[in-house]
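Report on the structure given below.
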Amino acid sequence: MSVVSEDGSQEPNPRRGNGQTRKWSAIESCTTMFVGYFTAVAVYQLLWPLFGHEVRVWDSASVALLMFPVNYVRQYLVRRAFNWLENRNGVTPLPVAAKSDPSSPFD
């Protein structure tokens, strides 16, 4: 698959067949997990009192921390599985069309 450049010529698509690297899968998974960790602590602080439990921030942080490695591994493996499926089946991104108006900020 190729990409149409602004001058209308065909260029090879640099993403074809490569997918996301293991390094970027790990970085994405880690970023997602840190955001998820702080979100979980906040949600625990809001929800547990609704069920009659008095909790301290430390309690919420501890429970979220226990789940952190499990969720990280899950996120990483799901990402790698989808990457493998994409490359195995030859699914490629849609081609990028040339801009109709090169001065337009919208692409």
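The values are calculated or read from the model by the stated rules, or taken from the named source; none is laboratory data. Remember, predicted model here, so these are calculated numbers, not experimental data. Here the Cβ is made from the backbone with ideal geometry for all residues, glycine too, and neighbour counts use every protein chain on show.
Brief remarks on what is shown
- The range 50-73 residues that are without any contact (Cβ under 8 Å) to a residue 12 or more places away in the chain, paired with ones that are surrounded by 15 or more Cβ atoms within 10 Å (Cβ to Cβ) and not acidic (Asp, Glu) (beta carbon under 6 Å, 6 or more apart): 55/48
- Taken over the range 42-86, the criterion of being small (Gly, Ala, Ser) and more than 14 Å from residue 32 (Cα to Cα) is satisfied by 42, 52, 60, 61, 62, 81.
Here's the yes/no breakdown for (1) farther than 19 Å from residue 83 by Cβ; (2) buried (at least 16 other Cβ atoms within 10 Å of the Cβ); (3) modelled with pLDDT of 85 or more:
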| site | (1), (2), (3) |
| --- | --- |
| 17 | no, no, no |
| 23 | no, no, yes |
| 31 | no, no, yes |
| 39 | yes, no, yes |
| 42 | yes, no, yes |
| 49 | yes, no, yes |
| 56 | yes, no, yes |
| 64 | yes, yes, yes |
| 73 | no, no, yes |
